[in-house]
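Asks: Encoded as structure tokens, here's the structure I'll be asking about.
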Amino acid sequence: MSDWQQISLGDLETPVRRKVAVPPQGSRASVSGGYPLRPLGEVVRLDIQRTPMKPATTYRLAGVLNAGKGVVDKGELDGGDTEYAAMNVLHTDQVVMRKLTAWEGPITVVPAEFDGFVVSNEFPTFTLGPELMPDWMRHVCRSPRLWAEMKNRVSGTVQRRKRLNPEQLLQIQLPIPPREVQGRIVEMLDAVDDQINALNAEADTLERALDAWIATVFSTADNYTPLGDIAEVQLGKMLSKERAAGPHQAPYIRNADVQWQGLNLTDLKTMTFTEKDRARYSLRAGDILSCEGGDPGRSVILSEDLDGIYYQKAVHRVRATGVDSRFLYVAIKHSYASGAIADLCTVTTIKHLTAEKYRTLHVPLLSEKQQLRAVEVHDVFFAQVSAIRAEANRLRGARASLLSGLLDRTIDIKSAEQEV
């Protein structure tokens, strides 16, 4: 008996649970009014340092993630390889934002490890006044309340090109508590973040264990077959301006809606699907949806029919014909993790997994008993990971509500400290 057959399902059946207390409704204080609303311009000032781009000089390039998630390292840049004559320099504890698509919350406080990095002039920088703690402002930058205020002030005519200018950011009014209170809020939110990070780390560990286990399973395979021999692979319908506004509108699934943890069916876009289209692009239980570009091969398996919902050309529909669809999904996951799918991709500026190439993917075949075992263990791991990710998401929502309630003073800070 091989090692992979000796895993005990009994040890895996109960999803991991974490209990993290957050202030319940009963802990809301009877305080009237929050901290004073003040324009950011009173406590933050625009402070941009420019540096010339010199050929044969190397600069560290940075970017800003959406939703206040921080700064990202974009690698090294030779000063002679950019059209910019000068770029902005980041300094520790400054606020930096991206003017373009500001409604997505691309704003954060610069951590020490990014001191001296450069960004384009699309990223203005601001220095905090003495009334603001950098760690407190970092949490504020992750607040949906701030993103909503940013969204309300963007200007421009084309949606994806709308910008938020520095002057507009500085007009936003936020409640500013005393520094001592800021410090207490930071401690609470950091504690919640520690729990979220611990949950995500646990989920990541389980996913790595599952990938390793699946690799062991498929290492026993003696036979392989092209995906096209055991499944129908079909791209979705091409989107166009005319179809987006034409008759017979119906919702469709985009590349971004396809995630390993599940299918996103909220806020779906629509386009024209004729009666013939609806038969061709239908979705039913057992269908596997895979991304064609962006993150080629990222997939999800449907647990039920999706009547009245279809899919766009950026997504493949894989419909099993000669093997159990659940096992095929596990095999696709393995091919993604092992790099086999990446090896099939065409590369221009963005990787693409064409239908022709996808059909040539070599799928390892196992006995029916081994296939069933693979599906069972995968499903147990997946249930655990899903439960942990759901708890982390719940805490993110609670964290946002906690920050809002503390600033509005509808949550008593002493009660919140005890709960957290």
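The values are calculated or read from the model by the stated rules, or taken from the named source; none is laboratory data. Everything numeric here is computed off the predicted structure, so don't read it as measured data. Virtual Cβ from ideal backbone geometry, glycine too; neighbours counted across all protein chains shown.
Asks: Within segment 176-199, work out how many residues are touching an Asp or Glu at 6+ places or on another chain (Cβ under 8 Å) and not in a helix (DSSP H, G or I).
Replies: Total meeting the criteria: 1.
Asks: Kindly state which strands (runs of 3 or more DSSP E) lie completely within segment 230-312 and contain at least 3 residues that are polar (S, T, N, Q).
Replies: none
Asks: Tally up the residues in segment 226-258 that are within 15 Å of the chain's Cα centre (by Cα) and closer than 18 Å to Ala285 by Cβ, please.
Replies: Qualifying residue count, segment 226-258: 2.
Asks: Name the residue, out of Gly397, Gly339, that is surrounded by fewer than 19 Cβ atoms within 10 Å (Cβ to Cβ), assigned by TED's automatic domain parsing to the domain that holds Ala198, without any contact (Cβ under 8 Å) to a residue 24 or more places away in the chain and more than 30 Å from Arg278 (Cα to Cα).
Replies: Gly397
Asks: Just to be sure I understand, how many residues within segment 39-92 are among the β-branched types (Val, Ile, Thr) and touching a Pro at 6+ places or on another chain (Cβ under 9 Å)?
Replies: Total satisfying the criteria: 5.
Asks: Against the condition within 30 Å of Ala390 (Cβ to Cβ) and either among the hydroxyl-bearing types (Ser, Thr, Tyr) or in a strand (DSSP E or B) (or both), how does Thr205 come out, does it pass? Outline the logic, then answer.
Replies: Working: within 30 Å of Ala390 (Cβ to Cβ): yes; either among the hydroxyl-bearing types (Ser, Thr, Tyr) or in a strand (DSSP E or B) (or both): yes.
When the stated conditions are applied, Thr205 passes them.
Asks: Does Tyr311 qualify as being over 26 Å from Asp379 (Cα atoms), out of contact with any His (no Cβ under 9 Å at 6 or more places or on another chain), modelled with pLDDT of 95 or more and not assigned by TED's automatic domain parsing to the domain that holds Leu206?
Replies: no
Asks: At pLDDT below 95, buried (at least 19 other Cβ atoms within 10 Å of the Cβ) and farther than 30 Å from Thr410 by Cβ: is that true of Leu210 in this structure? Steps first, please.
Replies: Working: at pLDDT below 95: yes; buried (at least 19 other Cβ atoms within 10 Å of the Cβ): yes; farther than 30 Å from Thr410 by Cβ: yes.
Considered against the rule, which asks whether it is at pLDDT below 95, buried (at least 19 other Cβ atoms within 10 Å of the Cβ) and farther than 30 Å from Thr410 by Cβ, Leu210 comes out as yes.
Asks: Within segment 37-87, which residues are in a strand (DSSP E or B), closer than 15 Å to Glu122 by Cβ and of a type outside the set (A, V, I, L, M, F, W, C)?
Replies: Arg50, Gly63, Lys74
Asks: Mind listing whichever residues of segment 96-143 are more than 23 Å from Ile176 (Cα to Cα), surrounded by fewer than 19 Cβ atoms within 10 Å (Cβ to Cβ) and of a type in the set (A, V, I, L, M, F, W, C)?
Replies: Leu100, Ala112 - these are the residues of segment 96-143 that are more than 23 Å from Ile176 (Cα to Cα), surrounded by fewer than 19 Cβ atoms within 10 Å (Cβ to Cβ) and of a type in the set (A, V, I, L, M, F, W, C).
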